[in-house]
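The values are calculated or read from the model by the stated rules, or taken from the named source; none is laboratory data. Note that this is a predicted model, so its numbers are computed, not measured. Positions of Cβ are generated from backbone atoms using ideal geometry, with glycine treated the same way; all protein chains shown enter the neighbour counts.
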Ligand code: AAO
């Protein structure tokens, strides 16, 4: 009954027989409900997957919502930080300058406030949600100097810790609370340092102050009122859960122009927890969802067949692998950090640089019921790895000589040009985002494996996928659980009108079908679903 936030008056929930006891129960349920609500991505029209359009300009995202994301069933976009940020000359305009805020005005490398508003409106109008990457743990680096060299051209001083457009002064930072010699986080084994000291020299906001909480909440509320559906909250490990709770508690409900009354913003928190540190993801579960980095690291290891891992071992993928509860997880194959060696996960992470493996990993994630899924959409850079470290891990998006970001041109074959990779447009990935929508709500079913790297599973009677990541052919008849008929494989091709541009799979009246996948196929996997029936 009253699991939702807005059960309203206690009477409506039928708790009034024993006032004292019931009040406690009510508060419990209300709190539980409130947190549950922030776990809901509010995607529309049965759409499920989110795509991170990393470093895209607002004008390009608006166009992409209309021309590609809505027609292909993507539920939402994670955008790069929209607020005022430092601009760096050395290295030249790195992507990570946007993780160094100088204020909360909405002018950034991706465009102006008007362009941002236009994008949010146009994406919402075609049912694609916008999730903002919110950098609220810190401002720019302590070595950021002073002047007007930032994306809005407003004066700030990192030296004096003054950000007049907010305004923040040195009173609003944690300098007195941090107990390390350098003022930086020196030891991840000490939660006090991790929360009260500077992450890689970034000026650490005192989120325990009501004033700071208010400024952060105002910033987020402005975006909510503009129509965003929620936030990826950056660097949550470095903020106390109690402080975050106070900020989230001040957030408005979503804009009723596009969302049902009483909808809470979707919150997903970046906490890197691969085990081995005192701060765990669990501390943040009641506040919203959390990024499950184990999923990214482990899936890479499995697909690469490192450490003796095999696809067949993933029969109990998800909580069975020690991942967080399904209802708390946001999952991804790679993210903007670990695809270039930042953050965590290491060499196992599978990115577009290993396209064949990447497509398989993303397909696995999208076919599997675990978590809210996020697809990475990247740009190419001049990767230059020396002793395992990419010397060019800082390189920003495709840009013009003056440092402004290039727009995303679309080629006749629907791929992107000018260095934009657009993994989300790759046929195999796009079609698996659709697969996820078609099978939404169905349990995993009809598991099969060869005790090695050939596996198959279904999603009720709505979809079925078969992988061959072994070094030999797959040739097997399997129970798919699907109604009889001829289906079009959405990996080697897709259904176009009444014809199939890829392999065809015949499912008998008994649900059984024969699959043949050569280990040298361009993509060694096959997927069919209810809407790919011919
Ligand atoms: C830049 C420069 C710095 C300079 C700074 C200030 O690179 O040299 O000092 O400016 O001037 C991004 C970039 C940073 C950049 C920053 C600001 O990645 O290079 O700094 O913008 O421009 C930690 C945090 C996590 C964070 C991650 C990168 O916990 O929140 O570092 N991610 C987010 C964003 C990211 C952004 C920021 C935060 C800052 O996604 O893009 O930074 O806004 C351990 C810990 C993790 C920790 C990592 C890395 O991980 O557990 O919490 O992440 O270390 O320090 C194994 C372990 C694993 C461990 C890992 C690495 O895998 O299992 O737990 O090893 O040791």
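Would you say residue 215 is within 18 Å of residue 161 (Cβ to Cβ) and part of a helix (DSSP H, G or I)? Here the answer is yes, as residue 215 does meet what is asked.
Using the structure shown, decide if residue 267 is on the phi < 0 side of the Ramachandran plot, within 21 Å of the chain's Cα centre (by Cα), modelled with pLDDT of 95 or more and within 16 Å of the ligand (Cβ to nearest atom). Criteria met by residue 267. Answer yes if at least one residue in segment 478-490 is touching a residue at least 24 places away in the same chain (Cβ under 8 Å), under 27 Å from the mean Cα position of the chain (by Cα) and closer than 21 Å to residue 314 by Cα, and no otherwise. There is no residue in segment 478-490 that is touching a residue at least 24 places away in the same chain (Cβ under 8 Å), under 27 Å from the mean Cα position of the chain (by Cα) and closer than 21 Å to residue 314 by Cα. Are any residues in segment 366-389 part of a loop (DSSP other than H, G, I, E, B) and surrounded by 16 or more Cβ atoms within 10 Å (Cβ to Cβ), and if so, which ones? Scanning segment 366-389 gives 368, 369, 370, 371, 378, 381.
Could you check, for segment 300-320, whether at least one of its residues is within 18 Å of residue 359 (Cβ to Cβ) and within 15 Å of the ligand (Cβ to nearest atom)? Scanning segment 300-320, I find at least one residue that is within 18 Å of residue 359 (Cβ to Cβ) and within 15 Å of the ligand (Cβ to nearest atom), so the answer is yes.
For segment 89-117, name all the residues that are within 23 Å of residue 218 (Cα to Cα), assigned to a helix (DSSP H, G or I) and within 15 Å of the ligand (Cβ to nearest atom).
Taking segment 89-117 and keeping what is within 23 Å of residue 218 (Cα to Cα), we get 97-117.
From what is left, the residues that are assigned to a helix (DSSP H, G or I) are 97-99, 113-117.
Correct list: 97, 98, 99.
For segment 193-212, a residue qualifies if it is within 12 Å of the ligand (Cβ to nearest atom), part of a helix (DSSP H, G or I) and under 30 Å from residue 120 (Cβ atoms), and exactly one does: 199.
Determine, yes or no, whether residue 479 is modelled with pLDDT of 95 or more and either touching a helix residue (DSSP H, G or I) at 6+ places or on another chain (Cβ under 8 Å) or exposed (fewer than 15 other Cβ atoms within 10 Å of the Cβ) (or both).
Numbers: modelled with pLDDT of 95 or more: yes; either touching a helix residue (DSSP H, G or I) at 6+ places or on another chain (Cβ under 8 Å) or exposed (fewer than 15 other Cβ atoms within 10 Å of the Cβ) (or both): no.
No.
Of all residues in segment 289-317, exactly one satisfies the criterion of being over 13 Å from the mean Cα position of the chain (by Cα) and under 30 Å from residue 247 (Cα atoms), namely 294. Pairing each residue of segment 323-352 that is closer than 13 Å to residue 290 by Cβ with any residue that is in a loop (DSSP other than H, G, I, E, B), provided the two are 6+ apart or on different chains, yields C-beta distances under 6 Å for 323/292; 324/292; 326/370; 329/292; 329/371; 331/292; 331/371. Residues that are under 27 Å from the mean Cα position of the chain (by Cα), surrounded by fewer than 21 Cβ atoms within 10 Å (Cβ to Cβ) and under 23 Å from residue 251 (Cβ atoms) occur at least once in segment 196-206.
Answer with yes or no whether residue 166 is modelled with pLDDT of 95 or more, outside any loop (DSSP other than H, G, I, E, B) and touching a helix residue (DSSP H, G or I) at 6+ places or on another chain (Cβ under 7 Å). Before you say what the answer is, go through the steps one by one.
Values: modelled with pLDDT of 95 or more: yes; outside any loop (DSSP other than H, G, I, E, B): no; touching a helix residue (DSSP H, G or I) at 6+ places or on another chain (Cβ under 7 Å): yes.
Criteria not met by residue 166.
Of the residues screened, residue 282 is not one that is at pLDDT 95 or above and more than 16 Å from the ligand (Cβ to nearest atom). State yes or no: is residue 189 modelled with pLDDT of 95 or more, under 27 Å from residue 331 (Cα atoms), within 15 Å of the ligand (Cβ to nearest atom) and outside any helix (DSSP H, G or I)? When the stated conditions are applied, residue 189 passes them.
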